[in-house]
Amino acid sequence: MASIIEKAEDYVSSAAISRELLRDKLSECLTVERGGLKLYERALQIITDHEVSTKFRQFREQTRNHESILIRVISELGMDPSYMSPTAKLAHKKAESLLNSMASGDGIDYLPANAEQINAIENIVLAETKDHANWEMLGKIARQSDDDKTREVLKSAVSEVEPQEDEHLSWAKEQMARLEFASIARK
């Protein structure tokens, strides 16, 4: 989440936002959300911790909603939701790499107890870190854009999504640390 000072500075300044670059960024954001959905699906096949799997199901549904919100935002701004920018293609490759690292039988001979589960959560943390940064950037654009429509469309979306993204990232990091500690702590 952006600091209060940064937000205040954003509200008293404005910038002309390139529609082409905004289209590319929104395409990337949508691809990141779609990759996140796949990662949650795969993680839910691996996670054995009840608390984590319950929360990840909730986050998956919220992520599905974020995808819908981005499609709506892109459409409301007169852009094509099916457009895939070069950075979106790169984001897709990154998500596929994370998914591939979650495949069983990937040639690693021995993994310690809970390693697959911890890896799945770590991949969610990595994806949510990017997703969180995307929504922060969209919030900054919403606060600084000199275009009223862009500002209003993004402001509405960001106000709904950014608090959930804050929770996704902080909660997943906490659980990763909890499970990692439990796997190495002697009791």
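The values are calculated or read from the model by the stated rules, or taken from the named source; none is laboratory data. Only a predicted model underlies this, so the values are computations on that prediction, with no experimental measurement involved. Cβ placement follows ideal geometry from the backbone for every residue including glycine, while neighbour counts extend to all protein chains displayed.
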Among the residues of segment 65-101, write down those that are at pLDDT below 95 and assigned to a loop (DSSP other than H, G, I, E, B). Ser101
Considering only residues that are farther than 13 Å from Glu96 by Cα and of a type in the set (Ser, Thr, Tyr), look in segment 27-72 and name the one that is farthest from the chain's Cα centre (by Cα). Thr48
Could we say that Arg151 is touching a strand residue (DSSP E or B) at 6+ places or on another chain (Cβ under 9 Å) and either of a type outside the set (Asp, Glu) or surrounded by 13 or more Cβ atoms within 10 Å (Cβ to Cβ) (or both) here? yes
Looking for whichever is at pLDDT below 95, of a type outside the set (Asp, Glu) and in a helix (DSSP H, G or I) here; the options are Gln45, Gln58, Gln62. Which one fits? Gln45
Residues satisfying the stated conditions in segment 131-171, i.e. without any contact (Cβ under 8 Å) to a residue 60 or more places away in the chain and under 16 Å from Ala120 (Cα atoms): Leu169, Ser170
Which of the residues that make up segment 118-161 are β-branched (Val, Ile, Thr), out of contact with any His (no Cβ under 9 Å at 6 or more places or on another chain) and under 17 Å from Ile69 (Cβ atoms)? Ile141, Thr150, Val153, Val158
Scanning segment 104-117 for residues that are farther than 15 Å from Leu44 by Cβ and either modelled with pLDDT of 65 or more or β-branched (Val, Ile, Thr) (or both), the one surrounded by the fewest Cβ atoms within 10 Å (Cβ to Cβ) turns out to be Pro112
Evaluation of Ser159 against (1) surrounded by 15 or more Cβ atoms within 10 Å (Cβ to Cβ); (2) more than 20 Å from Gly35 (Cα to Cα); (3) out of contact with any Leu (no Cβ under 8 Å at 6 or more places or on another chain) (one fails), failing number: (1)
